[in-house]
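The values are calculated or read from the model by the stated rules, or taken from the named source; none is laboratory data. Computed from a predicted structure; not experimentally measured. Here Cβ is always computed from backbone atoms with ideal geometry, including for glycine, and neighbour counts include all displayed protein chains. All accessible areas refer to the heavy atoms of the entire protein, side chains included, with ligands and DNA or RNA removed. Shrake-Rupley method; radii C 1.70, N 1.55, O 1.52, S 1.80 Å.
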Amino acid sequence: MPSSPRRALRGLLALCTTLCTAAGLAATAAPAAHASPGSGPTAVVAMGDSYISGEAGRWQGNSLNNAGSRDGTDRAWTGSGYDPSRVYGATAGGCHRSDSSEVNSAGPIASALVNLACSGATTANVFRASRGGQPYKGEAPQADQLAAVAASHDVKLIALSIGGNDLGFADIISTCATDYIVWYSYCHDDQQAEVDAKIDGVMADVGRSVDEIRAVMTGAGYAPSDYRIVLQSYPSPIPRAAENRYAESGWARTNTGGCPFWNADSDWARDSLVPQIAGRLKQVAVAKGVQFMDLRDALQGREVCAKASRQVTSTVPPSAATSEWARWIDSRSTQGLVQESMHPSFYGQQALGRCLALIHATPTGNRSCRNTAGAGTSGMYLTAG
């Protein structure tokens with residue numbers, strides 16, 4: 001963690017240029033045989049950005065210990081060094097599709113769990129290339145990758161998390177953290193204006209992403225009743241001001257907690273920005289006739305710096321019941337990559353995987369997914385909404 005404003009600023013400049021709000025890679029190779037709807041191995045597919053690809057899945061909670069396994073939080077520790085491919089496989093340093101990603105943590109809900117999402121992806125990386133879609137990190141647009149999966153598997157459900165990078169989540173986080181550490185000013189007023197200026201266009205592109213997925217599935221011979229699309233929102237990685245265990249003044253939020261945000265900005269993010277985006281995504285889902293899963297409260301009490309959770313230490317081991325479920329801002333990059341900051345970590349990804357399993361078993365209706373206070377990731381549950 002940073003030890004001075006100058007070092008923190010250097011890290012935040014890196015954060016501004018490298019933090020991504022999206023992730024994923026195909027976890028299962030498609031068999032050569034051609035399948036069709038109702039035949040072949042069943043599949044559930046994840047598409048979109050880092051919140052569904054598994055960014056930060058390397059971390060089991062947060063620890064101030066920079067040595068060795070970081071008190072057991074660093075799953076890339078080999079015993080003598082660090083190997084992120086133990087978690088992200090061939091996508092380490094790229095799409096960051098982790099072994100604990102939402103779809104991989106959903107359990108045996110299909111024969112194949114396929115992760116096409118990629119850290120940093122925007123809606124343009126979902127559209128088919130023939131419709132203006134753009135390749136990303138050396139891969140074809142995700143809709144084109146989906147076409148191959150749909151041809152070789154019996155796809156039952158497609159989970160989509162997209163739009164955060166189009167809105168500039170990384171810039172919002174970096175700006176708010178910089179305003180706390182360096183400028184002693186609030187970010188929410190300027191950033192709200194930025195979001196308001198972009199959100200209509202972004203939601204139109206999210207709707208187009210749904211259309212592109214449907215076009216691929218229709219082209220592969222699927223009827224609308226053969227599969228489902230679930231559009232999901234984003235959880236908040238930081239708590240409300242009243243739920244933060246560190247005082248607003250001083251350096252504890254930066255140096256110890258890894259949550260350098262003013263109270264007013266924290267409340268704006270938790271109670272205005274995240275709900276605004278969730279509400280607009282739900283409108284898209286309703287308009288397009290797909291299911292919606294609201295994740296705004298999925299990390300409630302498990303956020304970075306939340307009073308109801310605690311950091312891992314040499315005497316407090318990693319635990320889904322007590323550890324934070326999101327990755328802090330390690331602005332000096334003393335542990336892993338800055339781009340992992342403010343994403344659901346190992347436990348958070350497992351929790352979202354449980355949400356996916358629950359909505360997989362709920363074929364109709366919009367749902368919100370929440371956690372049970374004091375319970376592990378198996379305590380996730382759905383409510384109507």
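Below is a table of values for the structure above.
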{"read-out": "Nonlocal amide H pairs with A298, under 5 Å, H built at 1.01 Å", "value": "S236"}
{"read-out": "Computed magnitude of the charge dipole of segment 68-174 (debye, nearest 20; Cβ of K, R +1, Cβ of D, E -1)", "value": "160"}
{"read-out": "Extended-chain gain in nm, criterion 0.36 nm per residue less alpha-carbon gap, E248 and A215", "value": "6.9 nm"}
{"read-out": "P(r), alpha carbons of segment 198-331 - 10 Å bins starting at zero, rounded %", "value": "12, 32, 25, 19, 10, 2, 0"}
{"read-out": "Distant-in-sequence amide H partners of V230 (H built 1.01 Å from N, under 5 Å)", "value": "I158, A159, L160"}
{"read-out": "Gain upon complete extension [S39, Q192; 0.36 nm per residue less C-alpha separation]", "value": "50.3 nm"}
{"read-out": "Using a Förster distance of 35 Å, the FRET efficiency for T334-T364 (Cβ separation, nearest 0.05)", "value": "0.15"}
{"read-out": "GNM result for the chain, Cα springs below 10 Å: residue of G353, G168, G48 fluctuating most strongly", "value": "G168"}
{"read-out": "Using θ = phi - 60° and Karplus 6.51 cos²θ - 1.76 cosθ + 1.60, couplings along segment 251-257 (whole Hz; Gly, Pro as x)", "value": "10, 5, 5, 8, 6, 9, x"}
{"read-out": "Against the rule of thumb 2.2 N^0.38 Å, how large the Cα Rg of segment 39-186 comes out", "value": "1.20"}
{"read-out": "Among A287, A129, A308: highest mean-square fluctuation, GNM of the chain, C-alpha pairs under 10 Å", "value": "A287"}
{"read-out": "The chain - percent relative contact order, Cα under 8 Å, separation 6 or more", "value": "24"}
{"read-out": "Relative contact order of segment 216-320, pairs being alpha-carbon contacts under 8 Å that are 6 or more residues apart, as %", "value": "41"}
{"read-out": "Two-site label geometry, D226 and S272: point separation in nm, points 7 Å out along Cα→Cβ", "value": "4.7"}
{"read-out": "Most mobile listed residue (Q339, Q283, Q142) in the chain, GNM with C-alpha springs under 10 Å", "value": "Q283"}
{"read-out": "Cα long-axis angle, helix 169-178 against the chain (0 to 90 degrees, to the nearest 10)", "value": "0"}
{"read-out": "Structure-derived mean projected area of the Cα convex hull in nm² - corresponding label in (1) 20.6; (2) 17.3; (3) 22.6", "value": "(2)"}
{"read-out": "Calculated FRET efficiency for the pair T313/R86, C-beta based, R₀ 35 Å, to 0.05", "value": "0.90"}
{"read-out": "L352, L382, ranked by accessible area, largest first (probe 1.4 Å)", "value": "L382, L352"}
{"read-out": "Helix 346-360 vs. the chain, principal-axis angle (Cα, 0 to 90°, nearest 10)", "value": "30"}
{"read-out": "Cα-Cα pairs of segment 53-131 separated by more than 21 Å (percent)", "value": "40"}
{"read-out": "Principal axis dimensions, segment 287-385 - Cα atoms, whole angstrom, descending", "value": "46, 27, 19"}
{"read-out": "Rel. contact order, % - alpha carbon contacts under 8 angstrom, at least six apart, segment 234-385", "value": "25"}
{"read-out": "Whole-percent carbon and sulfur share, accessible surface of segment 238-334, 1.4 Å", "value": "53"}
